[in-house]
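J.: Here's a structure for you.
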Amino acid sequence: MLTDTARRARLLIIGGAAGTGLLRRFVDLAGGPAATVVVIATASTTPDVLEAEHVRAFRDLGAGAVRALRLATRPDANDPAVTAVLESATGVYFTGGDQSRIAAVLGGTRTDSLLQSLVATGRVVLGGTSAGAAMMSSTMIVGGDGPGVTTDSVRTGPGLEFLPGVLIDMHFAERGRLNRLLSAVAHYPHELGVGIDEDTAILAEGDAFEVLGSGSVTVVDAGGATDIRVPESGAIALSGACIHVLPAGCRFELSGRRPSILDAPAGERGRAA
């Protein structure tokens, strides 16, 4: 069960290729015209491009103030000047790229500690797409594209754990990543696997998340599995695991590990807002 503090966290976790509806939802969550949005492109090898793109998009969608925060090295992430920037924010958004860079540059730094506090107390809504989504996991998928459910189909590392107990994969349907997620969950059956399609997001608040956007979210739950066998190499055995495929209009309770359908009209279920 989550604490009262943790229940105030709001996370918009996008599977990649975010459309205008999802970006607008982030701006609305951050306060709309009163929002102060900070864009962090640490994951990217071309941060200036993604910073400019997202700063322009959030301004066009009505955010009151938008700025980029360049965090390219660990000394950047430990700079005391970062504190003032983040404490003035109502929304912080991580772009795509390489999620391993986010963990390596931010993990354990002043920026990491402050963001954890700001997000947990509800002072900041945290958004991320692609790599910026993957890094929110407890265990982070960092790669792997093997053809089957095998020990070699996935590579993992520690995430920044903004959403504990959840293992996130992105670009899910578009890049055929079910095998990868099944392989990851077999290694870490205590965690829920959450695969998020492009232009699709989960809005996690408290002990549940809601599905938004045009695609689906695939949840792999190995809690009830009757047999899991992960050899040192080769094919994995995973029997009795449960898979849910949830489009917009669905919610999922994290502690109870159960989905539910919202009462949204069918014609609105594909919309992000």
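J.: Condition first: touching a residue at least 40 places away in the same chain (Cβ under 8 Å) and surrounded by fewer than 14 Cβ atoms within 10 Å (Cβ to Cβ). Now tell me which residues in segment 28-52 satisfy that.
T.: Across segment 28-52, the qualifying residues are Ala34, Thr45.
J.: Residues that are surrounded by fewer than 24 Cβ atoms within 10 Å (Cβ to Cβ), out of contact with any helix residue (DSSP H, G or I) (no Cβ under 6 Å at 6 or more places or on another chain) and among the aliphatic types (A, V, I, L, M): find the strands (runs of 3 or more DSSP E) completely inside segment 159-205 holding 3 or more of those.
T.: none
J.: While we're looking at this one, here's another question. In this structure, does Ala201 turn out to be within 14 Å of the chain's Cα centre (by Cα) and modelled with pLDDT of 95 or more?
T.: yes
J.: A follow-up question, please. Consider segment 53-73. How many of its residues are touching a residue at least 40 places away in the same chain (Cβ under 8 Å), within 22 Å of Met135 (Cβ to Cβ) and in contact with a helix residue (DSSP H, G or I) (Cβ under 6 Å, 6 or more places away or on another chain)?
T.: 1
J.: I've got another one for you. When segment 224-265 is examined, which residues are found to be among the polar types (S, T, N, Q) and either modelled with pLDDT of 95 or more or more than 24 Å from Gly213 (Cα to Cα) (or both)?
T.: Thr226, Ser233, Ser239, listed by residue number.
J.: So the check is Cβ under 8 Å with 6+ separation or different chains; which pairs have a first residue in segment 222-237 that's assigned to a loop (DSSP other than H, G, I, E, B) and a second one that's acidic (Asp, Glu)?
T.: Sorted first by the residue in segment 222-237, then by its partner, the pairs are Ser233/Asp152.
J.: Kindly provide the set of residues from segment 238-247 that are under 23 Å from His171 (Cα atoms) and part of a loop (DSSP other than H, G, I, E, B), ordered by number. Before you say what the answer is, go through the steps one by one.
T.: Residues of segment 238-247 under 23 Å from His171 (Cα atoms): 241-247.
Listed by number, the list holds a single entry, Ala241.
J.: Among the residues of segment 206-221, which ones are modelled with pLDDT of 95 or more and outside any strand (DSSP E or B)?
T.: Correct list: Ser214, Gly215.
J.: Right, next: Is there a residue being under 26 Å from Val39 (Cβ atoms) and among the aliphatic types (A, V, I, L, M) anywhere in segment 170-190?
T.: Yes, there is a match, as at least one residue in segment 170-190 is under 26 Å from Val39 (Cβ atoms) and among the aliphatic types (A, V, I, L, M).
J.: To continue, here is another question. For segment 8-43, which positions are touching a strand residue (DSSP E or B) at 6+ places or on another chain (Cβ under 8 Å) and either at pLDDT below 95 or more than 25 Å from Arg175 (Cβ to Cβ) (or both)?
T.: Across segment 8-43, the qualifying residues are Ala9, Arg10, Val27, Leu29, Ala30, Gly31, Ala35, Thr36, Val37, Val38.
J.: Among residues belonging to segment 87-127 that are among the polar types (S, T, N, Q) and in contact with a strand residue (DSSP E or B) (Cβ under 9 Å, 6 or more places away or on another chain), point out the one that is nearest to Ala63 (Cα to Cα).
T.: In this case the residue turns out to be Thr90.
The values are calculated or read from the model by the stated rules, or taken from the named source; none is laboratory data. Keep in mind the model is a prediction, meaning the values are calculated, not measured. Reconstructed Cβ throughout: ideal geometry from the backbone, glycine too, with neighbour counts over all protein chains shown.
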